[in-house]
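Just so it is clear, none of the values below were taken in a lab; they were calculated from the coordinates. Predicted model only: the values in this text are computed from it and were never measured. Please note: Cβ atoms are built from the backbone with ideal geometry, for glycine as well, and neighbour counts cover all protein chains shown.
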């Protein structure tokens, strides 16, 4: 699957369970697959004002049949009471069983779904386009 | 753990190959991290970096040079050894492991760097000429010297930070910043090794304009900031500048001959110029011999006029550098950057740090 063919859905919801949309749902609507990407990109462009510290993002990449331990993610997150904020993005292909656990771990989790078969590299690249951080850490899951 | 810091700016054409080569190293993947620092690229380098890297740093704003970018990567690095690889340099599968082995086996060495491979990634004549010219210096003087090669080098973390990292204040462009770091490491008593056995391929395509620009900046910076005599004492001139060892006597001899020829009562200017060029050619005989052995006599003959012209550019730039140093002093960032630095303005990306 080429990068151009990959269709993704970005679901930004802080507290409710992520809405998983089939990628081909876009084919039956007037929306472009890239419409889902717009808010995050615009968000990044809107943050061009000077900051004192770098904004950080953590991307968790889960290709098909991969899982990630919430603890592994937790060690990358700032400790309680720490002022630092990290945007966490979960990018996965097909279906993932790790979402609920991650959702509990990370309140403000962004979820990026790509069709089954999307490669790890494509997932990383797609998630990177969504990450608003100046420093972006990419974490890959382990095979089931 | 090894931290590989790759600094890039608009390197989309080469970055995938560079990062794929790093990730194909004969090292367990969990034993190293790849940090790509992107200096405001506009060509999709970030997307390519995301496919391979563990951490991607996006530096917005103005271009502050590779020294600045590498320092930002080093600040995030977790490894005990830091390797710096340029965005157009392809390492071999064994390059990084052998660097680590050298640092493991030789406690007297704190920084090791690879030299240019015999063949440049670009096959055009000028790229081959420039690649071989740099290779010439590295091959003749591969050993302990103040040369922490910019293309690919590894340094112990404590040595790097103890030496003060790269000088991002004075070196805002990609030019001799690694040589300056090597000299500082040596000055603090650390061992710096330039290995002729470790070779990396540089993919950058050079043309006449870019070679002359590089020679111009190198020579000017050498004279203005680094100090010609100081660098010659710290590292063999052939390595630091490739040309400088033969340059001074060649230009001096040429000037004397031309002056003498001016008083010869013959109108034949061609003969006078011919004598001058012959002298220049003879003083560069080691370089021409190296070209002939590496690429054949034809290549050596073709490169001779280019080499002569490069030397003329270098000579003029050295003089300009000396004048600039005497009139304006060392290079420094623009007034705004200096003002921000003076008041300790906190901002991201940070203001370049003064050593």
Counting other chain Cβ atoms within 10 Å of each Cβ in B:71-77 and taking the mean gives 1
Helix B:285-295 sits off the longest principal axis of the Cα atoms of chain B, rounded to the nearest 10 on a 0 to 90 degree scale, by 60
From the Cα centre of region B:129-161 to that of region B:1-32, the distance in Å is 19
Assertion target for B:211, B:81, ordered by fewest C-beta neighbours within 10 angstrom first, is B:211, B:81
Mean other chain Cβ within 10 Å across B:341-354 is 2
Relative contact order in percent for chain B (Cα pairs under 8 Å, 6+ apart) equals 18
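Evaluate the relative contact order of region B:2-206 (contact order divided by residue number), counting alpha-carbon pairs under 8 angstrom at least 6 apart; express in whole percent.
Numbers: 462 pairs, mean separation 54.7, N = 205.
In percent, rounded to a whole number, it is 27.
Go ahead and estimate [θ] at 222 nm for chain B from helices alone: -39,500 (n - 2.57) per DSSP H run with n ≥ 4, summed, over the residue count, rounded to 500. Kindly include the intermediate steps, with their values, before the conclusion.
Values: 15 runs with 186 residues, N = 355.
Here the helix-only value at 222 nm equals -16500 deg cm²/dmol.
Please report the antiparallel percentage of the DSSP beta bridges confined to region B:2-206, to the nearest 5.
Values: 11 of 35 bridges.
Among the beta bridges of region B:2-206, antiparallel pairing accounts for roughly 30 percent.
Is region B:21-172 rounded, prolate or oblate when judged by the Cα gyration tensor, a ≥ b ≥ c being the square roots of its eigenvalues, rounded requiring a/c under 1.5 and prolate requiring a/b larger than b/c? All intermediate terms of the calculation are to be shown ahead of the outcome.
On the way: a/c = 1.32, a/b = 1.09, b/c = 1.20.
Because its axes are fairly even, with a/c under 1.5, region B:21-172 counts as rounded.
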Neighbour-count ranking for A:128, B:165, B:285, B:258 (other C-beta within 10 angstrom, fewest to most) reads B:285, B:258, B:165, A:128
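Going by how many other beta carbons lie within 10 Å of each one, how would you line up B:167, A:83, fewest first?
On the way: B:167 23, A:83 6.
By the 10 Å Cβ count, ascending, the order reads A:83, B:167.
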One would report the Cα pair-distance distribution of chain B, bin width 10 Å, in %, as 5, 24, 33, 24, 10, 4, 1, 0
Mean per-residue count of partner chain Cβ within 10 Å for A:128-134 equals 4
